[in-house]
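Reading through the structure tokens given below for one structure.
The values are calculated or read from the model by the stated rules, or taken from the named source; none is laboratory data. As the structure is a prediction and not an experimental result, all values here were calculated from the model. FYI the Cβ positions are ideal-geometry reconstructions off the backbone, even for glycines, and counts take in every protein chain you see. Protein only, heavy atoms only, side chains kept; ligands, DNA and RNA dropped before computing areas. Shrake-Rupley method; radii C 1.70, N 1.55, O 1.52, S 1.80 Å.
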Amino acid sequence: MAAEKGQKPALKRLYVETYGCQMNVYDSERMKDVLAPLGYTPTEDQSSADMVILNTCHIREKATEKVYSELGRLRERKAERAKEGMDTTIVVAGCVAQAEGEEIMARAPVVDLVVGPQAYHKLPELIAKAARAKGERLAADFDAEAKFDSLPEPKAEGVTAFLSVQEGCDKFCTFCVVPYTRGAEFSRPVDAIVAEARSLVRQGVREITLLGQNVNAFHGTGPDGKDWSLAQLLGHLAKIDRLDRLRYATSHPNEMTDDLIALHGEEEKLMPYLHLPVQTGSDRVLKAMNRKHTAERFLAIIDKIRKARPDIAVSSDFIVGFPGERDQDFEDTLKLVRATGFASAFSFKYSRRPGTPAAEMMAQIPEDVKDARLQALQAVLRDQQNAFNQSQIGRTLPVLVERPGRRPGQSQGRSPYMQAVHFESHRPDLIGEIVPVTICAASLNSLTAEAA
Ligand code: SAH
Ligand code: SF4
Ligand code: F3S
């Protein structure tokens with residue numbers, strides 16, 4: 001299956017299904033890039049695919065279970081295609097692959113190859129091997145540096161792009177699988193990041209979101225041989241011509257350093273949007289989660305950043321029903337939410353993850369209590385999101401146009417605050433331009449505007 005040098009590989013169709021976070025979205029694109037030289041062309045049509053990659057997420061039980069139900073469907077498809085003499089290679093990648101590789105091979109013999117997030121650069125070799133020894137489980141090690149060094153230059157799709165700068169996590173929050181699925185923290189060297197950013201910009205990208213599980217813990221080696229902070233990296237990238245917008249995700253409160261906060265007030269290319277997961281407003285629960293900060297500390301960070309950049313849109317993640325969470329703890333979460341005023345947020349019911357300390361804690365919370373708390377929290381967060389969107393009505397905002405809108409003649413893009421914005425333009429050529437529009441209506445998930 002692997003192409004010999006100089007020999008043109010046969011054309012094959014590749015379908016990649018992505019679950020989970022933005023890191024996985026980035027990784028899926030890189031897997032497509034690395035398989036292109038083997039003749040694999042991406043397709044949107046799973047039924048015609050010669051290879052299906054499931055890029056999986058392990059963060060909550062539901063995410064993991066999705067993979068197994070999808071593998072059930074794929075088993076049928078593979079059998080149908082086999083009847084017509086066509087082979088289908090099934091690959092499980094991502095965090096479930098890393099955490100449950102053995103179990104996947106045991107539960108789903110349809111899988112040809114299991115590959116963890118740090119081994120994507122080895123995919124061509126692994127695929128060749130798997131073809132020879134069907135069903136073999138192949139190693140997934142934690143060599144993040146080798147991965148980045150040997151992946152080909154990314155192909156840009158559209159005017160916005162993700163760029164992974166940091167991987168892994170050493171924080172070991174007691175509920176979370178990421179330190180086990182993604183390994184220890186690792187930052188890419190600055191030069192490699194700059195080269196990738198320049199390449200994306202040459203391909204028409206106007207906005208880059210730097211990615212990492214804890215992106216503000218970035219400490220990559222700079223061209224001067226010293227460790228650079230995320231703020232230094234952002235400041236450096238901001239000098240690239242035609243790279244108009246910078247974002248970063250996801251951040252940890254403990255790494256919200258003064259230089260990064262200050263940069264929000266100084267660097268115009270850095271968008272006024274901050275995703276800063278807090279999980280809960282209860283100090284008791286924060287402690288049990290091993291988050292190593294208090295609610296007060298989080299509020300102080302928000303204060304500071306609003307002083308630097310008063311209009312910043314703040315977003316967060318919340319978990320309700322962590323083991324031992326009492327009514328009073330949940331009230332403390334609502335209190336923190338009301339005190340902050342979020343522009344958007346994600347909230348989840350605590351999901352017990354095998355192998356994590358919280359899974360072993362006594363006092364697991366009953367499902368109906370989690371449900372009630374989630375609904376109560378989401379009602380408040382929804383009101384805040386609505387209020388934030390409504391507050392934009394009448395303002396003129398620069399929108400980076402990403403694609404045609406849903407209706408003919410419309411354009412669609414994002415505000416500096418990450419809101420989706422639609423407006424009448426009758427100008428298909430606006431894609432990639434930043435245009436001022438006046439917001440005339442707002443709903444929970446988008447804004448409607450008129451060209452200003
Ligand atoms: N590194 C990031 C995000 C990690 S995963 C951070 O530290 O913020 C994204 C979100 O999933 C987390 O912020 C958390 O809210 C949620 N999450 C993680 N583990 C979970 C679990 N066991 N149950 C429910 N939600 C979880
Ligand atoms: Fe998970 Fe905590 Fe690391 Fe975020 S900081 S990835 S929640 S362990
Ligand atoms: Fe899921 Fe792995 Fe991301 S567990 S959230 S895909 S780091």
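Some points to look at:
- Taking first residues from the stretch 176-190 that are more than 29 Å from Val320 (Cβ to Cβ) and partners that are among the aliphatic types (A, V, I, L, M) and assigned to a loop (DSSP other than H, G, I, E, B), the Cβ contacts under 8 Å between residues at least 6 apart in sequence or on separate chains come to Ser187/Val165; Arg188/Val165.
- The set of residues in the stretch 299-323 that are under 11 Å from Leu274 (Cβ atoms) and assigned to a strand (DSSP E or B) comprises Ala313, Val314, Ser315, Ser316.
- Total residues in the stretch 377-423, condition open to solvent by 50 Å² or more (accessible area, probe 1.4 Å) and of a type in the set (Ser, Thr, Tyr): 2
- Applying the criterion of being assigned to a loop (DSSP other than H, G, I, E, B), more than 16 Å from ligand 1 (Cβ to nearest atom) and not aromatic (Phe, Trp, Tyr) to the residues of the stretch 227-256, the residue that is surrounded by the most Cβ atoms within 10 Å (Cβ to Cβ) is Asp244.
- The single condition from (1) within 28 Å of Leu163 (Cβ to Cβ); (2) within 16 Å of ligand 2 (Cβ to nearest atom) that Glu61 fails is (1).
- Residues (within 16 Å of Gln375 (Cα to Cα) and in contact with a Ser or Thr (Cβ under 7 Å, 6 or more places away or on another chain)) located in the stretch 326-365: Asp329, Asp332, Thr333, Ser344, Ala345
- Filtered residues of the stretch 343-364 (kept if assigned to a loop (DSSP other than H, G, I, E, B) and within 28 Å of the chain's Cα centre (by Cα)): Ala343, Tyr350, Ser351, Arg352, Arg353, Pro354, Gly355, Thr356
- Restricted to the stretch 58-101, and to residues there that are among the β-branched types (Val, Ile, Thr) and within 21 Å of Pro124 (Cβ to Cβ), the residue that is nearest to the chain's Cα centre (by Cα) is Val92.
- For the stretch 179-238, a residue qualifies if it is touching a strand residue (DSSP E or B) at 6+ places or on another chain (Cβ under 9 Å), among the β-branched types (Val, Ile, Thr) and within 25 Å of Pro272 (Cα to Cα), and the qualifying residues are Val190, Ile193, Val201, Val205, Ile208, Thr209, Val215.
- Enumeration of residues in the stretch 334-354 that are touching a residue at least 12 places away in the same chain (Cβ under 8 Å), open to solvent by 60 Å² or more (accessible area, probe 1.4 Å) and either polar (S, T, N, Q) or closer than 29 Å to Cys95 by Cα (or both): Phe346, Arg352
- Restricting the stretch 208-219 to residues that are within 18 Å of Lys239 (Cα to Cα) and either open to solvent by less than 10 Å² (accessible area, probe 1.4 Å) or at pLDDT below 95 (or both) leaves a set whose member that is nearest to ligand 1 (Cβ to nearest atom) is Leu210.
- Verdict on Phe162 being within 16 Å of ligand 2 (Cβ to nearest atom), open to solvent by 10 Å² or more (accessible area, probe 1.4 Å) and either of a type in the set (Phe, Trp, Tyr) or assigned to a loop (DSSP other than H, G, I, E, B) (or both): no
- Within the stretch 16-41, tally of residues that are within 15 Å of Pro152 (Cα to Cα), within 16 Å of ligand 2 (Cβ to nearest atom) and either open to solvent by 40 Å² or more (accessible area, probe 1.4 Å) or out of contact with any helix residue (DSSP H, G or I) (no Cβ under 9 Å at 6 or more places or on another chain) (or both): 1
- Scanning the stretch 60-97 for residues that are among the hydrophobic types (A, V, I, L, M, F, W, C) and open to solvent by less than 10 Å² (accessible area, probe 1.4 Å) yields a count of 9.
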